[in-house]
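The values are calculated or read from the model by the stated rules, or taken from the named source; none is laboratory data. The shown structure was predicted, so the numbers you read here are calculated from the model rather than taken from an experiment. Every residue, glycine as well, gets a Cβ built from its backbone with ideal geometry; the counts of neighbours run over all protein chains shown.
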Amino acid sequence: MNKKSFGVSFWMLLAALVLYLNYSQSKKTPDEQISYNMFRTYLDAGKIVAVEIVKDEFIKGSYRSEGKSVNFKTPYLDDSELIKDMQKNGVDYSGKTGGKWLSNLIFSFGPILLFILAWFIFATKMSGGSKQIFSFGKSRAQNAVKVETTFADVAGCDEVKDELVEIIAFLKNPKKFEKLGGRIPKGVILYGEPGTGKTLLARAIAGEANVPFFSASGSEFVEMFVGVGASRVRDLFQMAKAAAPAVIFVDEIDAVGRHRGAGLGGGHDEREQTLNQLLVGMDGFEPNTNVIVVAATNRPDILDPALLRPGRFDRHIHISKPNIKEREDILKVHAKKCKMAPDINLEVIARRTPGFVGSDLANIINESALLAARKDKDAIELVELEEAIDRVLAGPEKKSRVMRDSEKKIICYHESGHALVAKLTPDGDTVHKVSIIPRGPALGYTLQLPLEDRFIASKDELVNKIKTLLGGRAAEKIVFKQVSTGASNDLEKATEIAHSMVTQFGMSSRVGPAVFKDSQNSVFLGMDISKGSRISEKMKQIIDEEIRKIIIKAEREAEIVITKNRKYLDALAQELEKREMLDSDDLDKIMNGEKLAPIIEPPAKKENPSDAEIAEGNIKASPELKAGDEKKTHDNEQKETA
Ligand code: NHX
Ligand code: ZN
């Protein structure tokens, strides 16, 4: 019987049992419960008509009372005289033993049955299909794969590749290393921000060495039932050993490998078991087992120290964000798979994407290919790449969202406020673009980009960042004499920066050059609880005061900048309302008092719906942007009123 039909028959059996129970219960007419003594009295009086004896359970039957027949029930007693007396009185009697065994069984085993059923359903769901219910241990993730990925597919991170060459050489030719008696690393931890290519590198190790690649994810183990994670780790190691030389890759090792005995609540038993099994597995390799465990994490700081001890994951390799040259290389790798217009210079894109990681860049190329396909183009052009960058940064445009005039005005001033403060604060990142076309969760955005890769920031730079973030709200406050809810995200970011300044970077003299980790975050990440609560109540208060001081000061400065340069703010907001988007050239021109290039194909009349029109509901979404539209021209012909 296969598992599926087993499942079906299991259900049907259960349904039948439930039905039977209901049926047998409902059929019964209500019996009068009488004492055995009473029953005896009726019997001796000759009133009993019929009796059914269920041995060891009860006696039921009927007696005559005032010409009517009444059903009764009485407990069973071991009464040797009973049969004789019934015979004497001419009672119609019958008997059986344990007639209700089935329902008794259900009643006593029902909860267990239910439990089994729940487990059954759970197991089916968890292992992604009924076929795996009884074989957790043998997961699909543990099948070895032959990987084709090589270092040629991994652009950037040349230093990391150099470090891994040794490991690959060992996997390829272990004898050479054994002869010299060197201890070969058993485990390598690749750590770095998400998207920097840790998985890709792990695959490339296996691909370069041409050995089987076993992979599993730490989070996968934790989702399993107690004991299953550990048994899966055991199997994984066994299979890898059998296939040696081989690479085992454990993604997101922080899911199983965080500090033991930390975190809130129970239920990390399973995690610990899995972690222990992982350690046992690594310790259990004989020195000549040619299996290397590669693990990836973006939180190496929360890993259990036991994992990092010599003989385990003793090789730690940091994968940093790509620099401009590396970004160009990464873009080239991905662009190879797409059709790019011949005049595309990927260096320009690399320059425009500081702080982006490999997966972001892959995303850009992919998004631009999709955009080009949507426009029936033969090749990806610069417009698509630009749009793809914005998409990756802020999400897709939502052109159909119709704003009221009054709201649009607030958005214009809000974004102009950001842009103005950014323009007028020295050493700030350049404002690349200001837009009031909604994108992702934002109704409008001011895009700032550093001119080059940045690694550290000075205190002034951080303060300026906060100032710029508060510039939007400050503009609302000054122009409309009140603020809106929209600035919440700005305030969050500003507070976050101020918080880091005070608690991490020692930029507040009152707090001093010390680090005060947030207990909340650490607890959930599995750090020692006590570490977080090391901050005294008094220091917490000082930290809060210092954060507030930084924010208030920055707000005041932003407000001063805006008040002093009100005429530029108005000019910016006005142009923004007309054009919906301003690039850095436009901003420079406005700030220099120059005229902007006229809008091509100017709108016949004001296109945006009035509040009244929106209220009437006769507004239609704007039509899609046509292929080939230039950045500047697509603005105002977008909105149409029905
Ligand atoms: C709302 N959205 O939630 C509406 C729809 C002040 C002109 N009621 O500061 O769009 O209010 O400079 C990432 C990025 C929430 C996450 C932006 C989560 C924005 C954005 C709230 C402009 N630009 N606010 C801004 C805005 C809003 C929000 C976000 C996010 C507004 C402001 C969102
Ligand atoms: Zn804002």
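Just to verify a result, which residue in the range 395-431, among those that are away from ligand 2 (no atom under 15 Å from the Cβ) and either part of a strand (DSSP E or B) or surrounded by 23 or more Cβ atoms within 10 Å (Cβ to Cβ) (or both), is farthest from the chain's Cα centre (by Cα)?
Thr430
Restricting attention to the range 432-455, and to residues there that are under 14 Å from Ser584 (Cα atoms) and within 12 Å of ligand 2 (Cβ to nearest atom), which single residue is surrounded by the fewest Cβ atoms within 10 Å (Cβ to Cβ)?
Restricting to residues being under 14 Å from Ser584 (Cα atoms) and within 12 Å of ligand 2 (Cβ to nearest atom), the top hit is Gln448.
Report whether or not Ala475 is within 16 Å of ligand 1 (Cβ to nearest atom), out of contact with any Asp or Glu (no Cβ under 7 Å at 6 or more places or on another chain), at pLDDT 95 or above and closer than 17 Å to Tyr413 by Cβ.
Yes; evaluated as a whole, the condition is true for this residue.
Give just the number: which of (1) near ligand 1 (Cβ under 9 Å from one of its atoms); (2) modelled with pLDDT of 95 or more; (3) of a type outside the set (S, T, N, Q) does Pro438 not satisfy?
(2)
Going through the range 154-195 one residue at a time, which ones are at pLDDT 80 or above and of a type in the set (Gly, Ala, Ser)?
Ala155, Gly156, Ala169, Gly187, Gly192, Gly195
(1) within 13 Å of ligand 1 (Cβ to nearest atom); (2) among the aromatic types (Phe, Trp, Tyr); (3) surrounded by 16 or more Cβ atoms within 10 Å (Cβ to Cβ): which one isn't true of Phe480, the others all being true?
Here Phe480 meets the rest and fails (3).
In the range 343-369, how many are touching a Ser or Thr at 6+ places or on another chain (Cβ under 8 Å) and assigned to a loop (DSSP other than H, G, I, E, B)?
1
Among what's in the range 448-492 and is closer than 21 Å to Leu576 by Cβ and among the charged types (D, E, K, R), pick the residue that is nearest to the chain's Cα centre (by Cα).
Among residues in the range 448-492 that are closer than 21 Å to Leu576 by Cβ and among the charged types (D, E, K, R), the one nearest to the chain's Cα centre (by Cα) is Asp490.
For the list (1) crowded, with 22+ Cβ neighbours inside 10 Å; (2) under 18 Å from Val160 (Cβ atoms), I need the number of the one condition that Phe214 fails.
Unmet condition: (2).
Yes/no per residue for (1) out of contact with any Phe, Trp or Tyr (no Cβ under 9 Å at 6 or more places or on another chain); (2) farther than 28 Å from Phe122 by Cβ; (3) of a type in the set (Lys, Arg); (4) buried (at least 22 other Cβ atoms within 10 Å of the Cβ):
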position: Ala206; (1), (2), (3), (4): no, yes, no, yes
position: Asn210; (1), (2), (3), (4): yes, yes, no, no
position: Gly218; (1), (2), (3), (4): yes, no, no, yes
position: Val222; (1), (2), (3), (4): yes, no, no, no
position: Gly229; (1), (2), (3), (4): no, no, no, yes
position: Arg234; (1), (2), (3), (4): yes, no, yes, no
position: Met239; (1), (2), (3), (4): no, no, no, no
position: Val247; (1), (2), (3), (4): no, yes, no, yes
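Return the pairs, sorted by first residue and then second, in which the second residue is near ligand 1 (Cβ under 6 Å from one of its atoms) and assigned to a strand (DSSP E or B), the first residue lies in the range 436-452 and is of a type in the set (D, E, K, R), the beta carbons are less than 8 Å apart, and the residues are 6+ apart or on different chains.
Once the first residue is of a type in the set (D, E, K, R) and sits in the range 436-452, its partners that are near ligand 1 (Cβ under 6 Å from one of its atoms) and assigned to a strand (DSSP E or B) give Arg439/Tyr445.
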